[in-house]
Amino acid sequence: MIYDVIIVGGSYAGLSAGLQLARARRQVLVIDAGQRRNRFAATSHGFLGQDGQSPQAIAAEGRSQLMEYPTVTWVQGSVVQATVEPQGFSLGTEFNGTFQGKRLILATGVVDELPAIEGLQERWGTRVFHCPYCHGYELDQGRIGVLATSSLAMHHALMLPDWGATTLFTNGVFTPDAEQQAQLARRGVSVQSAGVRRISGERADLELDDGQVFKLDGIFTMSRTRLSPLAAQLGCALADGPSGAYLHTNDMRQTSVPGVFACGDASLAAGSVALAVAEGVRAGVGAHFSLVSG
């Protein structure tokens, strides 16, 4: 069987794209490895109508609604190979064989590569975050740390005082210049330049190399993000974002490869459930228009 559209990734963006195509009565295959980027977080915020719900519950309800449409097929597994063929695209999976589709939507998300600091990985999504809009309010105007991974930590440091008393830990990564120091001072941000040794405690006790310990309610840091290798296999053009490369798309979310569309964190220099759902709509509609126009 040749599907009208194959969607790689069954999280928020992929589900949203699939819904548009299912309602156009197109034959859709979703292949999902079950590794949502926000799987470590207990609740999701900032998505109208779903604020405070668990990420798992939002995704499960979305899948349940999508699978009510008879033209949708779901395969649980990982895609390991993608190739362009005369009739469209061929996708090889790790354990479920090969599938063909006329159009392809990459909703693969990204992999977060975190700073190598003891205690950080296990607190990712619970006490260490990347998005103030997603998690800042729940810190209840408490003590917030910004852990620098580059000079772009200034962005976090200048935003976060709206959510609580903020300390920027430069960790030897960069030194704010005079203008940046003045900006931080105007926002009431304190700066610690010593290296960060570890994060411990029930919440987020941040210990510096000089022995100081800061008891924080939450820490924000910027990960490096890594794309699925499928984009490179297909030859899709990339754009540079603040945390890593992402897929370059046009207004209809088509990549540089005709017939290949992208949505969600893989094609945005930002991470948000609400944005992923919105971009999924655009990619699904874009893929459908492409089928209609030939």
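Note down the magnitude of the dipole of the range 115-221 about its Cα centre, charges +1 on Lys and Arg C-beta and -1 on Asp and Glu C-beta and zero elsewhere, to the nearest 20 debye.
80
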Of the peptides 263-272, 183-192, 246-255, how do they stack up when ordered by the mean number of other Cβ atoms within 10 Å, highest first? 263-272, 246-255, 183-192
In whole Hz, with x marking every Gly and Pro, tabulate ³J(HN,Hα) for the range 227-233 from phi via Karplus 6.51 cos²θ - 1.76 cosθ + 1.60, θ = phi - 60°. 7, 4, x, 4, 4, 5, 4
Under the classification rounded if a/c is under 1.5, otherwise prolate if a/b is larger than b/c and oblate if not, where does the range 237-287 fall, given a ≥ b ≥ c as square roots of the Cα gyration tensor eigenvalues? oblate
Alpha-carbon centroids, the range 79-111 and the range 8-68: separation in whole Å: 19
When Val173, Val260 are ranked with the fewest other C-beta atoms within 10 Å first, the list becomes Val173, Val260
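Please compute the contact order of the chain in relative form: average sequence separation of alpha-carbon pairs under 8 Å and at least six residues apart, divided by the residue count, as a percent.
Reported relative contact order: 22 percent.
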Give the Cα extents of the chain along the principal axes, in whole Å, largest first. 63, 34, 34
Using a ≥ b ≥ c from the Cα gyration tensor of the range 115-221 (square roots of the eigenvalues), is it rounded, prolate or oblate, where a/c under 1.5 gives rounded and otherwise the larger of a/b and b/c decides, a/b for prolate? oblate
Of all DSSP beta bridges located in the range 115-221, what percent are antiparallel, nearest 5? 35
Amide H partners (placed H, <5 Å) of Met222, local residues excluded: Thr149
State which helices in the chain qualify, where a helix is a whole DSSP H run, it must extend 15 Å or more along its own axis by its Cα atoms, and its mean Kyte-Doolittle hydropathy must be at least -0.5. 12-23, 55-66, 273-293
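Coordinate-derived values only; no laboratory data. As the structure is a prediction and not an experimental result, all values here were calculated from the model. Every residue, glycine as well, gets a Cβ built from its backbone with ideal geometry; the counts of neighbours run over all protein chains shown.
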